[in-house]
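**Q** Below: one structure in structure tokens.
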Amino acid sequence: MRRSAGFLRTHKEKACSIKLRICSINLPALFLPPLRLKHMPVYFIHSTQVEDEMVMIGDPLFTHLSKSLRTRPGDLLILNDDRGRRYHTIIHQITKQAIYANVRSIEKSPPSSTPPITLAQALLKGEKMAWVIQKATELGVNTIAPLVTERIIPRVSPIHAAKFQERWDRIALEAAQQSERWSMPTILPIQTFQKFLQRENGGLPIMLAERQENVSLSKIPLPSEIQGGITVFIGPEGGWTKEERHAAQSLNVVFATLGKGVLRAETASLASLAILQARLNYL
């Protein structure tokens, strides 16, 4: 079947028009560098890893970035050091042992405007303690003190305590990175309630106690000064004993409640921190 000259010319013009439109869309992309703006959390490094506007990242962070996240040259990284500095960097080179990133800009940690919060948490069984540490870190707590009280269910040996400490530090690190904090919380070694209570001086100590005629945590006057801070005591699943409450009362610890209901220990921790941080305008 023969085609007319007009048909062939029209068909050819349409083909050229389509080709030109395709080229006009794709041609600029050939001259653009590949975009590597993937979202990443803030990672913590030591200040000794920064030298002459170059950051050297070794293990264990190196393995996580290079193997798990498969970062490449051109990727952006945000790094915090122990001096309160935040580095905005771009990966320059990846070797078999380290990642080298160029520093593009540096931020300094803003001064704190709220009192530091310490969570004095009675040991919880299973994964509950790890969950509390993770959420407390996300909520901006400054210090976490794991306590041995009379009614705790887990009994911790020195060997287990060391393993717990290592795991809790790792959980706090990951939570601080994910929530883009400027610093990690300090997790104190496991100690008895009596020992920690004796070392508490200054600031505002608050003990959460259920089934007591106490003031609501939302109404207790909070300090405006940064010095001293706030310490929140959260009991175990079995609650505080009468002797523990008396010991706290003798040291002028303020008793508070979260309402008429009885919350699980891990829920009470989360609710208490959320209330305090909201009142301090952290949230």
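**Q** Counting other Cβ atoms within 10 Å, which trypsin sites (Lys or Arg not before Pro) in the range 211-283 have at most 15 and lie in a DSSP loop?
**A** Working: sites: 211, 219, 242, 245, 260, 264, 279; in loops: 211, 219, 260, 264.
Passing sites in the range 211-283 are 211, 219, 260, 264.
**Q** At 0.36 nm per residue, and after removing the present C-alpha to C-alpha distance, how many nm does the segment from residue 92 to residue 247 gain when stretched out fully?
**A** On the way: separation 155, 0.36 × 155 = 55.80 nm, distance 5.79 nm.
Stretched fully, the residue 92-residue 247 segment lengthens by 50.0 nm.
**Q** Suppose we keep just the alpha-carbon trace of the range 128-283; what are its Rg and Dmax in angstrom?
**A** 15.2, 42
**Q** Right, here's the next one. Describe numerically, in nm with one decimal, the distance between label points set 7 Å from Cα along Cα→Cβ at residue 157 and at residue 138.
**A** With each label placed 7 Å out from Cα toward Cβ, I get 3.4 nm.
**Q** Not counting ligands, DNA or RNA, and with a 1.4 Å probe, what is residue 92's accessible surface area in Å² rounded to the nearest 10?
**A** About 110 Å², ignoring ligands and nucleic acids.
**Q** Ordered by residue, what ³J(HN,Hα) values in Hz, to whole numbers, does the range 170-180 give under the Karplus form 6.51 cos²θ - 1.76 cosθ + 1.60, where θ = phi - 60° and Gly and Pro are x?
**A** For the range 170-180, the Karplus-derived couplings read 5, 5, 5, 4, 5, 5, 5, 5, 5, 8, 6 Hz, x marking Gly and Pro.
**Q** For a quick check: with amide H placed at 1.01 Å from N, whose amide H comes under 5 Å from residue 77's, ignoring anything fewer than 5 positions away on the same chain?
**A** HN-HN under 5 Å from residue 77: 89, 90, 91.
**Q** Each residue of the range 118-128 in turn: what ³J(HN,Hα) in whole Hz from Karplus with 6.51, -1.76, 1.60 and θ = phi - 60°, glycine and Pro shown as x?
**A** Taking θ as phi minus 60°, the curve returns 10, 9, 8, 10, 5, 4, 10, 7, x, 7, 5 Hz for the range 118-128.
**Q** Contact order normalised by length for the range 181-260, with contacts defined as Cα pairs under 8 Å and 6 or more residues apart; what percent is it? Could the numbers behind the result be given before it?
**A** Values: 78 pairs, mean separation 35.6, N = 80.
In percent, rounded to a whole number, it is 45.
**Q** Taking every pair of alpha-carbon atoms in the range 183-251, give the share separated by more than 17 Å as a whole percent.
**A** Value for the range 183-251 (Cα pairs over 17 Å): 51 percent.
**Q** Something else now. So what is the orientation-averaged projected area of the range 137-195, using the convex hull of its C-alpha atoms, in nm²?
**A** Values: hull surface 17.7 nm².
Approximately 4.4 nm², given one-decimal rounding.
**Q** Would you tell me the accessible area of residue 108, worked out with a 1.4 angstrom probe on the heavy atoms of the protein chains, in Å² to the nearest 10?
**A** 150
**Q** Given H placed on each backbone N at 1.01 Å, which residues far from residue 207 in sequence or on other chains put an amide H within less than 5 Å of it?
**A** 233, 254, 255, 256
**Q** Apply 1/(1 + (r/R0)^6) to the Cβ-Cβ distance of residue 53 and residue 226, taking R0 = 35 Å, and write down the FRET efficiency to the nearest 0.05.
**A** Result of the calculation: an efficiency of 0.60.
**Q** Residue by residue, what Karplus-based ³J(HN,Hα) values in Hz, rounded to whole numbers, does the range 223-240 have, using 6.51, -1.76 and 1.60 with θ = phi - 60° and x for Gly and Pro?
**A** Per residue, the Karplus-derived 3J(HN,Hα) values read x, 9, 7, 6, 5, x, x, 10, 10, 10, 9, 10, x, x, 4, x, x, 7 Hz.
The values are calculated or read from the model by the stated rules, or taken from the named source; none is laboratory data. Since we're looking at a predicted model, the values are computed, not measured. Virtual Cβ from ideal backbone geometry, glycine too; neighbours counted across all protein chains shown. Keep in mind that these areas ignore ligands, DNA and RNA; they rest on the heavy atoms of the full protein, side chains included. Shrake-Rupley method; radii C 1.70, N 1.55, O 1.52, S 1.80 Å.
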